[in-house]
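Shown next, in structure tokens, is the structure this report addresses.
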Amino acid sequence: MSVTKEIVTERLKTVNGPDFTGNIVDLGMVSEIFIADSKVFFSITVPAARAQEMEPLRAAAERVVKAIPGVAGAVVALTAEKKGGGMEAPVPARPAPRPAPPATPQRPAPQAPASHSSGKRGVPGIEAIIAVASGKGGVGKSTTAVNLALGLAANGLRVGVLDADIYGPSMPKLLNIHGRPQTVDGKILKPMENYGLKVMSMGFLVDEETPMIWRGPMVMSALTQMLREVEWGRLDVLVVDMPPGTGDAQLTMAQQVPLAGAVIVSTPQDLALIDARKGLNMFKKVDVPLLGIVENMSYFIAPDTGKRYDIFGHGGARREAERLGVTFLGEVPLEMGIRESSDAGTPVVVSKPDSAEAKIYRDIAAKVWDRVNEERGAAEAAVPSIVFE
């Protein structure tokens, strides 16, 4: 049975709208529906002020579509239009600390061998530590982090990856690494390796199906050990795949580690950007330089026609970067090959190094490394020199 837009639309008419008034199709809440390889893509526009309570509606729409015979999967996102009220409420509250033109003065030497001035103790052998973060889950942060790390390595750097998501580690699967790490003298862990990356993750230390029910102090202790009690050797850069949100793990890394900077990953829609702002503001408050924003799932190119579809909107992350005076690092398309290679443990940068998607990640990696060096230069310039005559 071939799946058509008409079939999907009819099924979506069975999903009630907010407060059980009508259905989401007749209420005009469903975006253009796109179907490729028996997978269905669309978004649902909801009132911005009620966005948090609309997740059950999104899940219901996803369920009814997945139940259609012949549907292999569904990608359903919530989005909200800015209408001069709800969505914009958080934005005017923060125009003053725009980091754009005066970016350097607001970052008091956080990151050169800056551990000396900031009180944050560096990790021996590691020149720079970069955090890859997002305000919410489901935006492709870990896939971006691993391909960024591989892009940095492809550009000639010695790279490690720390999977800081204690509750949902993904690096073992993304990098196709199995087994347990060995120890040096029973104390220091040896990182696992694949594709030229040194990697440490809680996923190597516990079984895949073991739930982590640790509270804050245990999470912080585990992160500290995976960072400082690992034989990393000499690395130009350690990429830290942060858990989504702004909780204990994020604050531990931001407050105790001399981060060279943070990369924020977001999708184009406004709801994702609301959460991305939280991550941006958290790093600003603890004086971590913002290296830039990546817009993931930015657009979709139909493989059969070559037509472009902006399924989740487009350009939201770029506009947010411009508004905040933060570098826009690039757009990553919603591409089946990226998802399939990630699921197979062969990220696109290594499995298809000549592809357009791999080039996008390498270009993003080059921009990130340029920003790291800019921040180093700014930090060194901010340190006063004493001249004796």
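Observations
- Once the Cα-Cα distance is subtracted from the 0.36 nm per residue extended length, the Thr14 to Arg323 segment shows a gain of 107.3 nm.
- In this structure, the residue pairs whose Cα-Cα separation is over 23 Å, taken from Lys190/Lys367; Lys120/Lys285; Lys141/Lys352; Lys173/Lys284, are Lys190/Lys367; Lys173/Lys284.
- Among Ser355, Ser221, Ser266, the sequence by solvent-accessible area, most first, with a 1.4 Å probe is Ser221, Ser355, Ser266.
- Thr21 versus Arg228: modelled label distance in nm, points set 7 Å from Cα along the beta carbon direction: 5.6
- For the pair Asn281 and Thr305, the difference between a 0.36 nm per residue extended length and the Cα-Cα distance amounts to 4.6 nm.
- Approximate spin-label separation Ala72-Glu32, in nm, with each point projected 7 Å along Cα-to-Cβ: 2.3
- Extension gain, Asp363-Asp185: 0.36 nm per intervening residue step, less the Cα-Cα distance, totals 60.0 nm.
- Here the ratio of the Cα radius of gyration of the range 5-80 to 2.2 N^0.38 Å is 1.01.
- Over the range 126-382, the pair-distance histogram of Cα-Cα distances with 5 Å bins from zero comes to 1, 6, 14, 19, 21, 18, 12, 6, 3, 1, 0, 0 percent, rounded to whole numbers.
- Over all distinct Cα-Cα pairs of the range 1-48, the Kirkwood formula returns a hydrodynamic radius of 11.4 Å.
- Here the 3J(HN,Hα) profile of the range 165-172, calculated from phi with Karplus coefficients 6.51, -1.76 and 1.60 at θ = phi - 60°, is 8, 5, 7, x, x, 10, 5, x Hz, Gly and Pro shown as x.
The values are calculated or read from the model by the stated rules, or taken from the named source; none is laboratory data. On a predicted model such as this, the values are computed, not experimentally measured, just so you know. Note that each Cβ is placed from the backbone with ideal geometry, even for glycine, and that neighbours are counted across all protein chains shown. Accessible surface is based on the protein model in full, side chains and every heavy atom, while ligands, DNA and RNA are left aside. Shrake-Rupley method; radii C 1.70, N 1.55, O 1.52, S 1.80 Å.
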